[in-house]
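Worksheet: the structure to be examined is printed underneath.
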Amino acid sequence: MQYHSPASFEDAVGIAASADGTTRFLAGGTDVLVQLRADVFTPDVLIDVKNIEGVKDIVCEDGGWRIGAAVSGAEMSENAELARQWPGLVEAMDLIGSTQVQGRATLVGNLCNGSPAADSVPAMFAADVSANITGPNGERRVAVSEIPVGPGKTSLEKGEVITALHIPQRGDNAADAYLRFIPRTEMDIAVVGCAVNLRLDGDTISEARVSLGAVAPKVLLVDEAAQAIIGTSLDENALNALAAAASAACNPINDKRGTIKFRTHVAGVLARRAAKIAYDRVRASK
Amino acid sequence: MALDDKKNGEFKVVGTRPNRPDGVDKVTGRARFGADVSAPGMLHAAIVRSPHAHAKILKIDTSRAMASKDVKAVVTRADFAEGLEGDDLNVLENVMAGEKALYDGHAVAAVAATSPLAARDAAKLIDVTYEILPHVTDVDKAMAKDAPVIREGAADKSVPPGLHPNVVRYHESGHGDVEEGFAQADLVIEDSFVTEAAHQGYIEPHACLAQLDADGKGEVWCCTQGHFNVQKICAKLVGTDASQIRVTASEIGGGFGGKTAVFIEPVALALSRKTNRPVKLVMSRAEVFRATGPTASTSMDIKIGMTSDGKITAGQGTFRLQGGAFPGAPMEFTAMCAFAPYNLENVFQVGYDVMSNRPKQAAYRAPGSPMAAFAVESVIDELCSQLGLDPIEVRLMNASKEGTKASYGPRFDRIGLVETLEAAKAHPHYSAPLAEGLGRGVSCGFWFNHGGETAVTLALSEDGTAALSVGTPDIGGSRASMCQMVAEELGIPYEKIRTTVADTATLGYNEVSHGSRVTYASGLAAINASRDAVEKLCGRAAAKWGIDPEAVYWDSGYAKPSGPNAGDFEPLALADITKNMGATGGPIVGHFEATPEGAGVSFATHIVDARVDKETGKTSVERYTVVQDAGKAIHPTYVEGQYQGGAAQGIGWALNEEYIYGEDGRLQNANFLDYRIPVASDLPMIDTVIVEVPNPGHPYGVRGVGETSICPPLAAIANAVSGAAGVRLKQLPMSPPRILEALDVQANG
Ligand SMILES: Cc1cc2nc3c(=O)[nH]c(=O)nc-3n(C[C@H](O)[C@H](O)[C@H](O)COP(=O)(O)OP(=O)(O)OC[C@H]3O[C@@H](n4cnc5c(N)ncnc54)[C@H](O)[C@@H]3O)c2cc1C
């Protein structure tokens, strides 16, 4: 195995594009190094991105936010303004692992590890986060929701690396929330995850995005669930329609972590609960 | 000392809470555990494990592995002793498979190489050809007519004819006439219960460093609950004399019974013999889950009759335990413990030990008892709720007492069940109003406790200090308790005593640290060794004073003449005597070697409040109180630690821990992510009440406390959860999907 620690994304792309065998980028390493130690996956080429300038930045940009590719969960939680604007996204990232893991784990790593149960990913889908990608064929910017394609798989091409994530402008009367179901209180993997991002006009929901994790081969953006609550004031009927739409979107598996029946049911429960939290957050912020 | 503290009035050190002598080493990281030692020229080993639940081993080709210059040796079954029988053969079969691999994770070969990575990679280059056989991992299926046979002829004579060959032992006990008892009942409830296998979940994986020379002399450093047992088994499995193998126990990162078994030490010795180098072998967490012993899984039927005022008229239980691919599931303990808390005229219990394609079960805190309590105490709870009776009053009405003929045969000596029930009833927890959405559960639990072969030495030093050597690894703060008991007897300060877990060359045979026996048996031995030393000290004083040894007595660290008739001499402190001991007769050493038989049985009563989220099936344990009889708490903090630990492990077992097997017979969750033990934030502060009803079989009244604490939790939590959910949960763990399923079945049939 080779280890590289390039000083620029250009160099990182060069190494990755010409690498023989399998490649991994090393952000926090909380997936990569764990898989290495557990003998699950040993890459031929390991490219550390942490020595590239700007990867630790959290900056306001174009009214939104740019989050560097190596910003850790702990750094996000400590940014009070970010947490105020995007409580759901920050709490989703903050749910990952322990204090130790929080010091290392990144949004980009969580996204590119490709787990359908990744906690920050539904929150990024709901928030409509996009990624800046650099590769052998230049730069592109894509919605995060286009990156995961299946368990452990992303749409990134060989040699492509994410340089930063962009969180859109928050705007007024809006908030997000994320909930996951785990049988314990922490240090567990989501059996179901649900993020809801809302904007209100008065008491009425004018915009909504609903995303589910761990209920399908990849994280889902569930438009039917969003439509179920847009134009409502989140009354009981709307919540029921939301839960039904969330459950209907599920395509889970039976495994050691939960059954199809359980996941499908709990997706609806979490959607209701997360929507209520987001809704109450908007109202509380007025 | 306050006058109301009379109970402890006679003790000066026992009952206090000094810091444990091993504490600083542990919190500073200096303590040496199994994997913390190295030797010059050491090799690293890795084990090749079967990926199949049941398969014939056709061929093991080591040529690809041996081609590497880093690889020094491979061992297979051919490198171990031949001609073993009975239990010895079973241990060898488990340590290294013979003709068949019997479970996913079964060791089939091992390799020694120059680094851990080289060993791991070499293990992948050992080509094993298998012929896959049909497998079974479920206890009920393993008993069914068409189940694949794990091993022909494994059953012993206890098994009645007509049962499947996988049923290898049978047990029956009880007294009275249960049919007559059921006829006297106003309500009879009969139900079935299932529990999954739970792993002890110790933090430290098994690890050892071993050397075996060509002349049969060996050294082993390992993490174990019993190094004398390691010595005995290693000698048999590698074919040398027990006395030629010296075993030293490392500090231990948890055992809970699981480290009473031997898995890797004989393998490291065999590799060392082949390479003439020391060999280190450390298990990964996945190996710990796949190849060491979880507890047995169970399937149980219970029938209990009760009068409308709460008297139990009869109890009957059938307990089927699956203990992996070898005989030994502790079904007789399950059967014997099931009704032990109750004074029953009519009781009958049956146990089946069933083999399946799973790892050999190992002891886990009160092996077999927690499951029995789950089944029996759930039915008692159901009876109480259907008859509108208070669960503690009913248990008090039926409680076993001194003189009760136990459900498993003997008459109880002085026991403390009633006292734990009274203390539970009086505890503020029991009378606290129950908030909306919560359920409250109560359960009793019982464990036998054990004595066992024990040998200790107490050597006094010239400077008046004392060194106690014990042969029981310290798995719960026992070195502190030993120092306290010796301090109490010798009358010197706690800090002036050091207790060491000595190696197998130093002491006579000591049974493993199991059966909650250490504070009882090694403690009794330490007290008696101290008294032996005191007798010798008094003898030296007598010789100095020129009086009869009988005319000297020991009081708070001093030899004193016993009265005016004995003469008027200035008392001699311990250090005054040891200072000159070389010239007055030689070293002063106290000894004790015996198999003490007076381990008092122990009972506990637990109270639990739990909340169930009926939309997701998730349980949170909101309040927990343990009340248990310790006989005499030598070090109350460590007694409380045992109580809390038993409750914490019980919470895990009750709610989320389970061995999950796929259709292919492979373990699905061999890691701590998916084998869900509770994390700290899952637990409430666990309140403890120490009841002290002295055990007549110990000089200070000690009863073992390590195991009884895990007997009531499964039932107490199940009763609380069933109350909160409004539906009886009969299968463990009560994971969220199972709770939702039970609610769904209740609502929709
Ligand atoms: C104890 C523990 C608990 C955990 N708990 C959770 C949890 O609760 N929820 C959860 O979702 N996850 C959890 N995880 C998984 C992990 O921590 C997260 O997925 C984390 O966000 C990964 O980030 P990282 O920076 O450590 O990624 P790394 O391990 O560094 O990388 C992960 C993947 O991302 C790729 N990658 C990294 N940087 C880039 C880049 N710039 N461009 C392209 N690809 C890139 C790598 O090639 C690799 O495939 C846990 C892990 C541990 C060890």
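The values are calculated or read from the model by the stated rules, or taken from the named source; none is laboratory data. Since the structure is predicted, the reported quantities are computational estimates derived from the model, not experimental observations. Please note: Cβ atoms are built from the backbone with ideal geometry, for glycine as well, and neighbour counts cover all protein chains shown.
Inspection of segment A:94-112 finds a residue satisfying the criterion of being in contact with a helix residue (DSSP H, G or I) (Cβ under 6 Å, 6 or more places away or on another chain) and closer than 21 Å to A:S285 by Cβ. Restricted to segment A:89-105, and to residues there that are near the ligand (Cβ under 8 Å from one of its atoms) and either within 14 Å of chain B (Cβ to nearest Cβ) or in contact (Cβ under 8 Å) with a residue 40 or more places away in the chain (or both), the residue that is surrounded by the fewest Cβ atoms within 10 Å (Cβ to Cβ) is A:Q100. Answer with yes or no whether B:E190 is of a type in the set (D, E), assigned to a strand (DSSP E or B), in contact with a strand residue (DSSP E or B) (Cβ under 8 Å, 6 or more places away or on another chain) and free of Cβ contacts under 8 Å to residues at least 60 places away in the same chain. No: the conditions fail for B:E190. Residues of segment B:390-408 being surrounded by fewer than 23 Cβ atoms within 10 Å (Cβ to Cβ) and under 23 Å from the mean Cα position of the chain (by Cα), which ones? Across segment B:390-408, the qualifying residue is only B:Y408.
Filtering segment B:670-715 to residues that are part of a helix (DSSP H, G or I), among the hydrophobic types (A, V, I, L, M, F, W, C) and surrounded by fewer than 22 Cβ atoms within 10 Å (Cβ to Cβ) leaves only B:A680. Scanning segment B:718-746 for residues that are more than 14 Å from chain A (Cβ to nearest Cβ) and β-branched (V, I, T) returns a single hit, B:V727. Annotation: B:M300 fulfils all but one of (1) more than 14 Å from chain A (Cβ to nearest Cβ); (2) within 23 Å of B:R151 (Cα to Cα); (3) outside any loop (DSSP other than H, G, I, E, B); the unmet one is (2). If you take the residues of segment B:313-335 that are part of a loop (DSSP other than H, G, I, E, B) and of a type in the set (G, A, S), which of them is surrounded by the fewest Cβ atoms within 10 Å (Cβ to Cβ)? Selected residue: B:G328. A:K56 satisfies every condition listed in (1) over 19 Å from the mean Cα position of the chain (by Cα); (2) within 13 Å of the ligand (Cβ to nearest atom); (3) surrounded by fewer than 18 Cβ atoms within 10 Å (Cβ to Cβ) except (1). Please identify the pairs in which a residue from segment B:61-79 that is over 22 Å from B:H106 (Cβ atoms) has its Cβ atom under 6 Å from the Cβ atom of a residue that is surrounded by fewer than 23 Cβ atoms within 10 Å (Cβ to Cβ) and among the polar types (S, T, N, Q), counting only partners at least 6 apart or on another chain. What qualifies is B:D70/B:T114; B:K72/B:T275. Restricting attention to segment B:545-577, the residues being closer than 14 Å to B:E535 by Cβ, assigned to a loop (DSSP other than H, G, I, E, B) and not acidic (D, E) number 1. Restricting attention to segment A:106-121, does a residue exist that is within 10 Å of the ligand (Cβ to nearest atom), assigned to a loop (DSSP other than H, G, I, E, B), of a type in the set (A, V, I, L, M, F, W, C) and closer than 18 Å to A:V34 by Cα? Yes, that holds for at least one residue.
Test B:Q644 against the criterion of being of a type in the set (S, T, N, Q), more than 13 Å from chain A (Cβ to nearest Cβ), farther than 24 Å from B:P359 by Cα and touching a residue at least 40 places away in the same chain (Cβ under 8 Å), and give yes or no.
Here the answer is yes, as B:Q644 does meet what is asked.
Looking at B:G310, is it in a loop (DSSP other than H, G, I, E, B) and out of contact with any Pro (no Cβ under 7 Å at 6 or more places or on another chain)?
So B:G310 fits the description; yes.
Please count how many residues of segment B:679-716 are out of contact with any Asp or Glu (no Cβ under 7 Å at 6 or more places or on another chain) and within 14 Å of chain A (Cβ to nearest Cβ). Here the count works out to 3.
Identification of helices (runs of 4 or more DSSP H) wholly contained in segment A:168-286 with 3 or more residues that are of a type in the set (A, V, I, L, M) and within 12 Å of chain B (Cβ to nearest Cβ) yields A:260-285. Criterion first (in contact with a helix residue (DSSP H, G or I) (Cβ under 8 Å, 6 or more places away or on another chain), farther than 26 Å from A:K286 by Cβ, among the polar types (S, T, N, Q) and assigned by TED's automatic domain parsing to the domain that holds A:S18) does A:S72 satisfy it? Yes, satisfied.
With respect to the conditions (1) touching a residue at least 60 places away in the same chain (Cβ under 8 Å); (2) away from every other protein chain (no Cβ under 14 Å), B:G749 falls short on a single one, namely (1).
Can you tell me which residue among A:A278, A:A243 is farther than 20 Å from A:V191 by Cβ and crowded, with 19+ Cβ neighbours inside 10 Å?
A:A278
Out of B:G582, B:G598, one residue alone is part of a loop (DSSP other than H, G, I, E, B), of a type outside the set (A, V, I, L, M, F, W, C) and over 36 Å from the mean Cα position of the chain (by Cα). It is B:G582.
Is it the case that some residue within segment B:418-438 is outside the structural domain of B:Q668 (by TED's automatic domain parsing), acidic (D, E) and either closer than 30 Å to B:D156 by Cβ or without any contact (Cβ under 8 Å) to a residue 24 or more places away in the chain (or both)? No, because not a single residue in segment B:418-438 is outside the structural domain of B:Q668 (by TED's automatic domain parsing), acidic (D, E) and either closer than 30 Å to B:D156 by Cβ or without any contact (Cβ under 8 Å) to a residue 24 or more places away in the chain (or both). Among residues of segment A:60-88 that are closer than 12 Å to A:R170 by Cα and more than 16 Å from the ligand (Cβ to nearest atom), those with a Cβ under 9 angstrom from a residue that is part of a helix (DSSP H, G or I) and of a type in the set (S, T, Y), sequence gap 6+ or separate chain, pair up as A:A83/A:S77; A:R84/A:S285. I'd like to know if segment B:722-733 contains one or more residues that are assigned to a loop (DSSP other than H, G, I, E, B) and over 30 Å from A:V269 (Cα atoms). Within segment B:722-733 (the criterion being assigned to a loop (DSSP other than H, G, I, E, B) and over 30 Å from A:V269 (Cα atoms)), the answer is no, since none of the residues qualifies. Going residue by residue through segment B:250-263, is there one that turns out to be surrounded by fewer than 23 Cβ atoms within 10 Å (Cβ to Cβ), touching a residue at least 12 places away in the same chain (Cβ under 8 Å) and either part of a strand (DSSP E or B) or basic (K, R) (or both)? Taking every residue of segment B:250-263 in turn, none turns out to be surrounded by fewer than 23 Cβ atoms within 10 Å (Cβ to Cβ), touching a residue at least 12 places away in the same chain (Cβ under 8 Å) and either part of a strand (DSSP E or B) or basic (K, R) (or both).
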